[in-house]
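Enquirer: Before I ask anything, let me first share the structure, which is written out below as C-alpha cells.
The values are calculated or read from the model by the stated rules, or taken from the named source; none is laboratory data. Since we're looking at a predicted model, the values are computed, not measured. When we count neighbours, we look across all protein chains shown, and the Cβ atoms used for this are built from the backbone with ideal geometry, even at glycine. Accessible surface areas use protein heavy atoms only, side chains included; no ligands, DNA or RNA. Shrake-Rupley method; radii C 1.70, N 1.55, O 1.52, S 1.80 Å.
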Amino acid sequence: MAECEVKISYMLTNHEIDTLNCCLPSDHILLELEKWMVTEKSHHLRDRFNIGELLTGEELVGLPYSEHLGEVKITESKEIQWLTAFSVAIGRDLQSIFESDEYIYYTLFIDRKYINHQLKELLDKYDLLDTFQTNPSANITLSFPVKR
C-alpha cells in the first residue's frame, strides 16, 4: 500500500487547550499506539467526506483507518502532568472520539517525528517501545477523560 504525505498543523488551538483543561485534574490518561493506514486515495476520500460530500459504501470502506497496536492506562500523577504539557505543545486535533459508562474521552494525536527521549522511556516502561519502533507508521494517541 503506497503511503501519502499529508500536511498537518501541530500544536493545539486555544479552543482545544480550553477543552483539554476541562479534562483536568484527571486520575488517568489512555496512551495508545496505532498504525495509521493512509494512502493518496484514502486521503482524497477523507477530504471529500470532510466537506460533506456523500460517499458510496465502497468509498467509505476506502477511508483511512488505524490498527490498534497497544494501549496502557497511565495513572501516575507526574506522568499525567508531563503528558498533558507535552500534548499542549506537540499534540494535534483534540476531539471526542469515544465514551465509557463513566467518562467521555477527548483524544489527540502525537506523530512519531515528535517522539522525544522522555516519551520513549515512558513507552519502554509500559512495554510499548519495541512495538513502536518495529512499526514505522505507528503513532500515539492520548485520551483524556471527563467524568459524565
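Here is a yes/no grid of residues against (1) under 25 Å from V38 (Cβ atoms); (2) among the hydroxyl-bearing types (S, T, Y); (3) in contact with a strand residue (DSSP E or B) (Cβ under 6 Å, 6 or more places away or on another chain):
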| site | (1), (2), (3) |
| --- | --- |
| L83 | yes, no, yes |
| I97 | yes, no, yes |
| K125 | no, no, no |
| Q133 | yes, no, no |
| S137 | yes, yes, yes |
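Enquirer: Here is a check on your reading of the model: is S9 open to solvent by less than 50 Å² (accessible area, probe 1.4 Å), among the hydroxyl-bearing types (S, T, Y), in contact with a strand residue (DSSP E or B) (Cβ under 8 Å, 6 or more places away or on another chain) and at pLDDT below 90?
Expert: no
Enquirer: Next up: Name the single residue, out of those in region 115-136 being touching a Leu at 6+ places or on another chain (Cβ under 9 Å) and in a loop (DSSP other than H, G, I, E, B), that is farthest from I17 (Cα to Cα).
Expert: N135
Enquirer: Oh, and also: Looking at region 104-134 only, could you name the residues that are closer than 17 Å to E71 by Cβ, hydroxyl-bearing (S, T, Y) and under 17 Å from the mean Cα position of the chain (by Cα)?
Expert: Answer for region 104-134, where residues must be closer than 17 Å to E71 by Cβ, hydroxyl-bearing (S, T, Y) and under 17 Å from the mean Cα position of the chain (by Cα): Y105, Y106, T107, T131.
Enquirer: Restricting attention to region 124-136, report how many residues are in contact (Cβ under 8 Å) with a residue 60 or more places away in the chain and touching a helix residue (DSSP H, G or I) at 6+ places or on another chain (Cβ under 8 Å).
Expert: The number of residues fulfilling the criteria is 1.
Enquirer: Check region 123-135 and report whether any residue there is open to solvent by less than 70 Å² (accessible area, probe 1.4 Å) and under 25 Å from H15 (Cβ atoms).
Expert: No: zero hits.
Enquirer: Among the residues of region 31-81 satisfying the criterion of being under 26 Å from F144 (Cα atoms) and of a type in the set (F, W, Y), which is surrounded by the most Cβ atoms within 10 Å (Cβ to Cβ)?
Expert: Residue satisfying both the conditions and the ranking: W36.
Enquirer: Return the total of residues in region 18-45 being more than 15 Å from the chain's Cα centre (by Cα) and either modelled with pLDDT under 85 or of a type in the set (G, A, S) (or both).
Expert: 9
Enquirer: Being in contact with a helix residue (DSSP H, G or I) (Cβ under 8 Å, 6 or more places away or on another chain) and without any contact (Cβ under 8 Å) to a residue 40 or more places away in the chain is the filter; apply it to region 97-114 and report the residue that is most open to solvent (accessible area, probe 1.4 Å).
Expert: R112
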